[in-house]
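My questions all concern the structure below.
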(Lines give C-alpha, C1' and ligand atoms only; values in the text may rest on other atoms or scores of the structure.)
Protein backbone atom coordinates (compact mmCIF):
# COMPACT_ATOMS: atom_id res chain seq x y z
CA UNK A 1 0.00 0.00 0.00
CA UNK A 2 1.34 3.43 -0.95
CA UNK A 3 0.48 6.48 1.13
CA UNK A 4 0.59 10.21 0.64
CA UNK A 5 0.95 12.25 3.81
CA UNK A 6 0.79 15.97 4.43
CA UNK A 7 1.42 17.96 7.58
CA UNK A 8 0.25 21.56 7.86
CA UNK A 9 1.86 23.75 10.47
CA UNK A 10 3.56 27.09 10.95
CA UNK A 11 6.45 25.56 9.03
CA UNK A 12 4.82 23.53 6.29
CA UNK A 13 6.50 20.51 4.80
CA UNK A 14 5.46 17.26 3.16
CA UNK A 15 6.64 13.71 3.70
CA UNK A 16 6.13 10.60 1.66
CA UNK A 17 5.88 7.03 2.90
CA UNK A 18 6.33 3.83 0.98
CA UNK A 19 5.43 0.29 1.86
CA UNK A 20 8.09 -0.07 4.53
CA UNK A 21 7.63 3.26 6.27
CA UNK A 22 5.11 4.16 8.92
CA UNK A 23 3.90 7.08 10.97
CA UNK A 24 6.66 6.35 13.47
CA UNK A 25 9.11 7.75 10.90
CA UNK A 26 7.04 10.91 10.72
CA UNK A 27 6.94 11.20 14.51
CA UNK A 28 10.68 10.71 14.71
CA UNK A 29 11.32 13.49 12.23
CA UNK A 30 9.14 15.87 14.20
CA UNK A 31 10.94 15.05 17.43
CA UNK A 32 14.29 15.49 15.71
CA UNK A 33 13.31 18.88 14.35
CA UNK A 34 12.08 19.95 17.74
CA UNK A 35 15.33 18.89 19.42
CA UNK A 36 17.55 20.74 16.93
CA UNK A 37 15.93 24.12 17.49
CA UNK A 38 13.13 25.85 19.30
CA UNK A 39 10.28 24.88 17.02
CA UNK A 40 6.58 25.05 17.79
CA UNK A 41 4.52 22.72 15.65
CA UNK A 42 0.77 23.01 15.48
CA UNK A 43 -1.18 21.55 12.63
CA UNK A 44 -2.73 18.49 11.07
CA UNK A 45 -1.38 15.21 9.76
CA UNK A 46 -3.32 14.02 6.75
CA UNK A 47 -2.71 10.61 5.19
CA UNK A 48 -4.59 8.88 2.42
CA UNK A 49 -3.87 5.67 0.49
CA UNK A 50 -2.92 5.77 -3.18
CA UNK A 51 -4.66 2.94 -5.01
CA UNK A 52 -2.41 0.80 -7.17
CA UNK A 53 -4.73 0.43 -10.14
CA UNK A 54 -3.62 -2.49 -12.28
CA UNK A 55 -0.16 -2.42 -10.74
CA UNK A 56 0.53 1.01 -12.21
CA UNK A 57 2.23 2.31 -9.11
CA UNK A 58 4.45 -0.74 -8.80
CA UNK A 59 5.36 -0.49 -12.48
CA UNK A 60 6.69 3.00 -11.98
CA UNK A 61 9.43 1.60 -9.78
CA UNK A 62 10.51 2.50 -6.29
CA UNK A 63 12.89 5.22 -7.48
CA UNK A 64 10.70 6.64 -10.23
CA UNK A 65 10.58 10.45 -10.25
CA UNK A 66 6.98 10.16 -11.48
CA UNK A 67 5.95 8.42 -8.28
CA UNK A 68 7.86 10.88 -6.14
CA UNK A 69 6.23 13.78 -7.93
CA UNK A 70 2.79 12.26 -7.46
CA UNK A 71 3.42 11.71 -3.75
CA UNK A 72 4.77 15.20 -3.19
CA UNK A 73 2.05 16.90 -5.23
CA UNK A 74 -0.77 15.00 -3.53
CA UNK A 75 0.75 15.54 -0.10
CA UNK A 76 1.33 19.22 -0.75
CA UNK A 77 -2.26 19.75 -1.80
CA UNK A 78 -3.52 17.99 1.31
CA UNK A 79 -1.16 19.98 3.51
CA UNK A 80 -2.20 23.23 1.88
CA UNK A 81 -5.88 22.41 2.40
CA UNK A 82 -5.30 21.58 6.07
CA UNK A 83 -3.23 24.71 6.61
CA UNK A 84 -5.92 26.87 4.99
CA UNK A 85 -8.56 25.25 7.18
CA UNK A 86 -6.50 26.01 10.29
CA UNK A 87 -5.85 29.62 9.28
CA UNK A 88 -9.51 30.34 8.54
CA UNK A 89 -10.92 28.75 11.68
CA UNK A 90 -8.53 29.96 14.36
CA UNK A 91 -7.03 33.19 15.56
CA UNK A 92 -3.28 33.38 15.22
CA UNK A 93 -1.54 32.68 18.49
CA UNK A 94 -0.42 35.74 20.38
CA UNK A 95 0.91 36.53 23.79
CA UNK A 96 -1.95 36.79 26.25
CA UNK A 97 -1.63 38.55 29.57
CA UNK A 98 -3.60 36.40 31.99
CA UNK A 99 -2.45 38.23 35.11
CA UNK A 100 -5.52 38.71 37.31
CA UNK A 101 -7.70 37.99 34.27
CA UNK A 102 -9.62 34.86 33.34
CA UNK A 103 -9.09 34.00 29.70
CA UNK A 104 -11.64 31.51 28.42
CA UNK A 105 -10.54 29.50 25.40
CA UNK A 106 -13.50 28.13 23.49
CA UNK A 107 -14.97 27.49 20.04
CA UNK A 108 -16.15 30.46 17.99
CA UNK A 109 -19.74 31.66 18.19
CA UNK A 110 -22.22 29.96 15.84
CA UNK A 111 -24.31 32.02 13.46
CA UNK A 112 -27.52 31.53 15.43
CA UNK A 113 -29.26 29.46 18.06
CA UNK A 114 -26.98 29.67 21.11
CA UNK A 115 -23.67 31.28 22.15
CA UNK A 116 -21.96 27.93 21.58
CA UNK A 117 -22.75 24.61 19.94
CA UNK A 118 -20.66 22.96 22.66
CA UNK A 119 -22.56 22.36 25.93
CA UNK A 120 -19.29 22.45 27.86
CA UNK A 121 -18.23 25.82 26.46
CA UNK A 122 -21.69 27.20 27.20
CA UNK A 123 -21.50 25.70 30.70
CA UNK A 124 -18.20 27.39 31.50
CA UNK A 125 -19.17 30.81 30.22
CA UNK A 126 -22.56 30.66 31.95
CA UNK A 127 -20.86 29.71 35.21
CA UNK A 128 -18.54 32.72 35.00
CA UNK A 129 -21.57 34.93 34.54
CA UNK A 130 -23.43 33.32 37.43
CA UNK A 131 -20.56 33.92 39.87
CA UNK A 132 -20.00 37.39 38.38
CA UNK A 133 -16.35 36.92 37.47
CA UNK A 134 -14.94 39.10 34.68
CA UNK A 135 -13.43 37.12 31.83
CA UNK A 136 -12.15 37.44 28.28
CA UNK A 137 -13.19 35.11 25.49
CA UNK A 138 -10.49 33.81 23.19
CA UNK A 139 -11.90 32.00 20.18
CA UNK A 140 -8.64 30.42 19.05
CA UNK A 141 -9.87 26.86 18.53
CA UNK A 142 -6.78 25.50 20.30
CA UNK A 143 -7.66 22.39 22.28
CA UNK A 144 -6.33 21.45 25.69
CA UNK A 145 -3.61 18.76 26.00
CA UNK A 146 -6.47 16.31 26.59
CA UNK A 147 -8.00 17.32 23.26
CA UNK A 148 -10.90 19.08 24.96
CA UNK A 149 -12.54 22.48 25.00
CA UNK A 150 -12.96 24.80 26.92
CA UNK A 151 -9.99 25.64 29.12
CA UNK A 152 -8.85 28.75 30.97
CA UNK A 153 -5.75 30.75 31.81
CA UNK A 154 -5.48 32.70 35.06
CA UNK A 155 -2.32 34.35 36.36
CA UNK A 156 -0.42 32.40 33.71
CA UNK A 157 -1.81 29.09 34.99
CA UNK A 158 -3.72 26.83 32.63
CA UNK A 159 -6.63 24.72 33.87
CA UNK A 160 -8.46 22.14 31.77
CA UNK A 161 -11.89 20.52 32.10
CA UNK A 162 -14.99 22.34 33.36
CA UNK A 163 -15.16 20.44 36.65
CA UNK A 164 -11.52 21.18 37.47
CA UNK A 165 -11.87 24.78 36.32
CA UNK A 166 -14.80 25.33 38.69
CA UNK A 167 -12.86 23.73 41.56
CA UNK A 168 -9.87 25.96 40.76
CA UNK A 169 -11.95 29.16 40.72
CA UNK A 170 -13.70 28.25 43.96
CA UNK A 171 -10.37 27.66 45.69
CA UNK A 172 -8.52 30.66 44.25
CA UNK A 173 -11.25 33.29 44.12
CA UNK A 174 -13.62 32.09 46.84
CA UNK A 175 -16.68 31.87 44.60
CA UNK A 176 -19.29 29.14 44.99
CA UNK A 177 -22.87 28.49 43.97
CA UNK A 178 -23.21 25.56 46.37
CA UNK A 179 -22.69 27.16 49.78
CA UNK A 180 -26.27 26.54 50.87
CA UNK A 181 -26.35 22.85 49.89
CA UNK A 182 -26.39 19.99 52.37
CA UNK A 183 -24.06 16.99 51.85
CA UNK A 184 -27.03 15.01 50.50
CA UNK A 185 -27.85 17.75 48.01
CA UNK A 186 -24.22 17.93 46.91
CA UNK A 187 -24.28 14.17 46.29
CA UNK A 188 -27.53 14.42 44.34
CA UNK A 189 -26.10 17.27 42.28
CA UNK A 190 -23.08 15.17 41.39
CA UNK A 191 -25.28 12.22 40.36
CA UNK A 192 -27.36 14.47 38.09
CA UNK A 193 -24.20 15.99 36.60
CA UNK A 194 -22.80 12.55 35.78
CA UNK A 195 -26.05 11.47 34.12
CA UNK A 196 -26.18 14.64 32.02
CA UNK A 197 -22.50 14.86 31.02
CA UNK A 198 -21.77 11.16 30.54
CA UNK A 199 -25.06 9.94 29.08
CA UNK A 200 -27.56 12.60 28.03
CA UNK A 201 -24.81 14.64 26.36
CA UNK A 202 -24.07 11.84 23.91
CA UNK A 203 -27.68 11.53 22.79
CA UNK A 204 -27.87 15.26 22.09
CA UNK A 205 -24.51 15.16 20.27
CA UNK A 206 -25.92 12.35 18.13
CA UNK A 207 -28.91 14.51 17.24
CA UNK A 208 -26.68 17.52 16.49
CA UNK A 209 -23.83 15.96 14.56
CA UNK A 210 -25.31 12.79 13.08
CA UNK A 211 -29.07 12.92 12.68
CA UNK A 212 -29.34 16.69 12.04
CA UNK A 213 -25.90 17.28 10.56
CA UNK A 214 -27.06 19.55 7.73
CA UNK A 215 -28.89 21.94 10.09
CA UNK A 216 -25.92 22.07 12.46
CA UNK A 217 -23.57 22.68 9.54
CA UNK A 218 -25.53 25.83 8.62
CA UNK A 219 -24.89 27.26 12.10
CA UNK A 220 -21.11 27.03 11.87
CA UNK A 221 -19.46 30.41 11.59
CA UNK A 222 -16.84 30.19 8.87
CA UNK A 223 -15.92 33.06 6.55
CA UNK A 224 -13.98 33.25 3.33
CA UNK A 225 -14.35 32.04 -0.24
CA UNK A 226 -14.23 28.37 0.78
CA UNK A 227 -16.60 28.71 3.73
CA UNK A 228 -19.16 26.20 2.43
CA UNK A 229 -16.50 23.58 1.78
CA UNK A 230 -14.85 24.18 5.14
CA UNK A 231 -18.17 23.93 6.97
CA UNK A 232 -18.88 20.65 5.20
CA UNK A 233 -15.46 19.30 6.19
CA UNK A 234 -15.77 20.48 9.80
CA UNK A 235 -19.27 19.12 10.30
CA UNK A 236 -18.51 15.72 8.79
CA UNK A 237 -15.25 15.37 10.71
CA UNK A 238 -17.10 16.19 13.93
CA UNK A 239 -19.89 13.78 13.04
CA UNK A 240 -17.36 11.00 12.54
CA UNK A 241 -15.71 11.75 15.88
CA UNK A 242 -19.09 11.74 17.65
CA UNK A 243 -20.01 8.37 16.15
CA UNK A 244 -16.67 6.82 17.12
CA UNK A 245 -16.88 8.16 20.68
CA UNK A 246 -20.45 6.96 21.02
CA UNK A 247 -19.49 3.51 19.80
CA UNK A 248 -16.60 3.35 22.26
CA UNK A 249 -18.91 4.46 25.06
CA UNK A 250 -21.46 1.79 24.11
CA UNK A 251 -24.48 3.98 23.44
CA UNK A 252 -23.51 4.21 19.77
CA UNK A 253 -24.11 0.49 19.31
CA UNK A 254 -27.86 0.98 19.59
CA UNK A 255 -30.27 1.93 16.83
CA UNK A 256 -31.42 5.50 16.23
CA UNK A 257 -34.76 4.80 17.89
CA UNK A 258 -33.06 3.29 20.92
CA UNK A 259 -30.72 6.29 21.26
CA UNK A 260 -33.70 8.65 21.18
CA UNK A 261 -35.50 6.46 23.70
CA UNK A 262 -32.56 6.84 26.10
CA UNK A 263 -32.54 10.59 25.50
CA UNK A 264 -36.25 10.82 26.30
CA UNK A 265 -35.81 8.90 29.55
CA UNK A 266 -33.07 11.30 30.65
CA UNK A 267 -35.17 14.36 29.80
CA UNK A 268 -38.22 13.02 31.60
CA UNK A 269 -36.03 12.25 34.61
CA UNK A 270 -34.81 15.86 34.66
CA UNK A 271 -38.37 17.14 34.32
CA UNK A 272 -39.41 15.03 37.32
CA UNK A 273 -36.47 16.23 39.42
CA UNK A 274 -37.22 19.85 38.55
CA UNK A 275 -40.14 20.41 40.91
CA UNK A 276 -38.98 23.84 42.09
CA UNK A 277 -37.61 26.99 40.49
CA UNK A 278 -34.18 25.36 40.22
CA UNK A 279 -33.04 21.79 40.68
CA UNK A 280 -31.93 22.22 44.29
CA UNK A 281 -34.60 24.71 45.31
CA UNK A 282 -35.09 28.45 45.03
CA UNK A 283 -31.39 29.28 44.50
CA UNK A 284 -29.36 28.47 41.43
CA UNK A 285 -26.44 26.06 41.94
CA UNK A 286 -23.68 24.54 39.85
CA UNK A 287 -25.81 21.61 38.71
CA UNK A 288 -28.19 24.11 37.07
CA UNK A 289 -25.30 25.37 34.95
CA UNK A 290 -24.68 21.83 33.71
CA UNK A 291 -28.30 20.99 33.01
CA UNK A 292 -29.08 24.32 31.31
CA UNK A 293 -26.07 24.11 29.00
CA UNK A 294 -26.98 20.59 27.87
CA UNK A 295 -30.67 21.36 27.39
CA UNK A 296 -29.88 24.53 25.40
CA UNK A 297 -29.11 22.67 22.14
CA UNK A 298 -32.48 20.92 22.31
CA UNK A 299 -34.18 24.20 23.08
CA UNK A 300 -32.54 26.50 20.52
CA UNK A 301 -30.30 24.76 17.97
CA UNK A 302 -32.31 21.76 16.79
CA UNK A 303 -35.51 23.13 15.22
CA UNK A 304 -38.12 20.48 14.47
CA UNK A 305 -36.06 17.70 16.04
CA UNK A 306 -37.15 15.09 18.55
CA UNK A 307 -35.30 16.81 21.44
CA UNK A 308 -36.96 20.16 20.68
CA UNK A 309 -40.40 18.61 20.49
CA UNK A 310 -39.84 16.82 23.78
CA UNK A 311 -38.45 19.78 25.73
CA UNK A 312 -41.45 21.88 24.75
CA UNK A 313 -43.75 19.08 25.81
CA UNK A 314 -41.98 19.01 29.18
CA UNK A 315 -42.92 22.63 29.76
CA UNK A 316 -41.15 22.98 33.10
CA UNK A 317 -37.83 22.26 31.35
CA UNK A 318 -38.58 24.86 28.67
CA UNK A 319 -39.48 27.47 31.30
CA UNK A 320 -36.35 26.57 33.26
CA UNK A 321 -34.08 27.11 30.23
CA UNK A 322 -35.74 30.39 29.32
CA UNK A 323 -35.56 31.63 32.91
CA UNK A 324 -31.79 31.11 33.02
CA UNK A 325 -31.26 32.50 29.52
CA UNK A 326 -33.09 35.74 30.33
CA UNK A 327 -31.23 36.20 33.59
CA UNK A 328 -27.67 35.49 32.48
CA UNK A 329 -27.73 35.99 28.70
CA UNK A 330 -29.74 39.18 28.06
CA UNK A 331 -27.95 39.76 24.73
CA UNK A 332 -28.86 36.27 23.50
CA UNK A 333 -31.76 37.11 21.18
CA UNK A 334 -34.48 34.51 20.73
CA UNK A 335 -37.48 34.74 18.43
CA UNK A 336 -40.71 34.84 20.39
CA UNK A 337 -42.16 32.21 18.05
CA UNK A 338 -39.68 29.77 19.55
CA UNK A 339 -41.66 29.85 22.77
CA UNK A 340 -45.03 28.70 21.63
CA UNK A 341 -46.22 25.40 22.96
CA UNK A 342 -49.37 23.34 22.85
CA UNK A 343 -51.31 23.69 26.09
CA UNK A 344 -52.99 20.34 26.66
CA UNK A 345 -55.08 21.75 29.50
CA UNK A 346 -57.12 23.98 27.18
CA UNK A 347 -59.20 23.10 24.16
CA UNK A 348 -57.64 25.35 21.60
CA UNK A 349 -56.07 24.88 18.20
CA UNK A 350 -53.74 27.83 18.69
CA UNK A 351 -50.52 27.54 20.68
CA UNK A 352 -50.00 29.46 23.88
CA UNK A 353 -47.03 31.50 24.98
CA UNK A 354 -44.91 30.41 27.87
CA UNK A 355 -46.42 31.62 31.16
CA UNK A 356 -44.69 34.03 33.51
CA UNK A 357 -41.27 32.66 34.37
CA UNK A 358 -41.07 34.08 37.87
CA UNK A 359 -37.79 35.91 37.39
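Filter the stretch 216-231 down to residues that are surrounded by fewer than 17 Cβ atoms within 10 Å (Cβ to Cβ) and assigned to a helix (DSSP H, G or I) and give me whichever is nearest to the chain's Cα centre (by Cα).
218
Considering every residue within the stretch 119-134, establish whether at least one is within 24 Å of residue 241 (Cβ to Cβ), modelled with pLDDT under 95 and out of contact with any helix residue (DSSP H, G or I) (no Cβ under 7 Å at 6 or more places or on another chain).
Within the stretch 119-134 (the criterion being within 24 Å of residue 241 (Cβ to Cβ), modelled with pLDDT under 95 and out of contact with any helix residue (DSSP H, G or I) (no Cβ under 7 Å at 6 or more places or on another chain)), the answer is no, since none of the residues qualifies.
Return the total of residues in the stretch 143-152 being modelled with pLDDT under 95 and surrounded by 14 or more Cβ atoms within 10 Å (Cβ to Cβ).
Here the count works out to 3.
Looking only at the stretch 303-313, which residues are farther than 15 Å from residue 261 by Cα and either surrounded by 19 or more Cβ atoms within 10 Å (Cβ to Cβ) or outside the structural domain of residue 269 (by TED's automatic domain parsing) (or both)?
If the condition is that a residue be farther than 15 Å from residue 261 by Cα and either surrounded by 19 or more Cβ atoms within 10 Å (Cβ to Cβ) or outside the structural domain of residue 269 (by TED's automatic domain parsing) (or both), then 312 is the only one that fits.
If I filter the stretch 232-250 for residues that are modelled with pLDDT under 95, assigned to a helix (DSSP H, G or I) and either more than 30 Å from residue 111 (Cα to Cα) or in the same structural domain as residue 107 (by TED's automatic domain parsing) (or both), do I get at least one hit?
Checked against the condition, which is being modelled with pLDDT under 95, assigned to a helix (DSSP H, G or I) and either more than 30 Å from residue 111 (Cα to Cα) or in the same structural domain as residue 107 (by TED's automatic domain parsing) (or both), the stretch 232-250 yields at least one hit.
Additional query: Would you be able to tell me the number of residues in the stretch 282-321 that are within 28 Å of residue 168 (Cβ to Cβ) and in contact (Cβ under 8 Å) with a residue 12 or more places away in the chain?
Adding up the residues that qualify gives 17.
If you don't mind, another one. I'd like to check something: does the stretch 187-203 contain any residue that is more than 19 Å from residue 293 (Cβ to Cβ) and touching a strand residue (DSSP E or B) at 6+ places or on another chain (Cβ under 6 Å)?
Checked against the condition, which is being more than 19 Å from residue 293 (Cβ to Cβ) and touching a strand residue (DSSP E or B) at 6+ places or on another chain (Cβ under 6 Å), the stretch 187-203 yields no hits at all.
What about residue 173, is it surrounded by fewer than 14 Cβ atoms within 10 Å (Cβ to Cβ) and out of contact with any helix residue (DSSP H, G or I) (no Cβ under 7 Å at 6 or more places or on another chain)?
It is true that residue 173 is surrounded by fewer than 14 Cβ atoms within 10 Å (Cβ to Cβ) and out of contact with any helix residue (DSSP H, G or I) (no Cβ under 7 Å at 6 or more places or on another chain).
Here is a further query. Of 194, 156, which residue is without any contact (Cβ under 8 Å) to a residue 60 or more places away in the chain and on the phi > 0 side of the Ramachandran plot?
Every option except 156 fails the conditions.
Within the stretch 251-275, which residues are assigned to a loop (DSSP other than H, G, I, E, B) and either more than 23 Å from residue 305 (Cβ to Cβ) or within 20 Å of the chain's Cα centre (by Cα) (or both)?
Result: 275, single match.
If you scan the stretch 276-328, which residues turn out to be farther than 22 Å from residue 118 by Cβ, assigned to a helix (DSSP H, G or I) and out of contact with any strand residue (DSSP E or B) (no Cβ under 9 Å at 6 or more places or on another chain)?
Matches in the stretch 276-328: 309, 316, 319.
The values are calculated or read from the model by the stated rules, or taken from the named source; none is laboratory data. For clarity, every value in this text was computed on a predicted model and none was experimentally measured. Cβ sites come from the backbone with ideal geometry, for glycine too, and all protein chains shown count toward neighbours.
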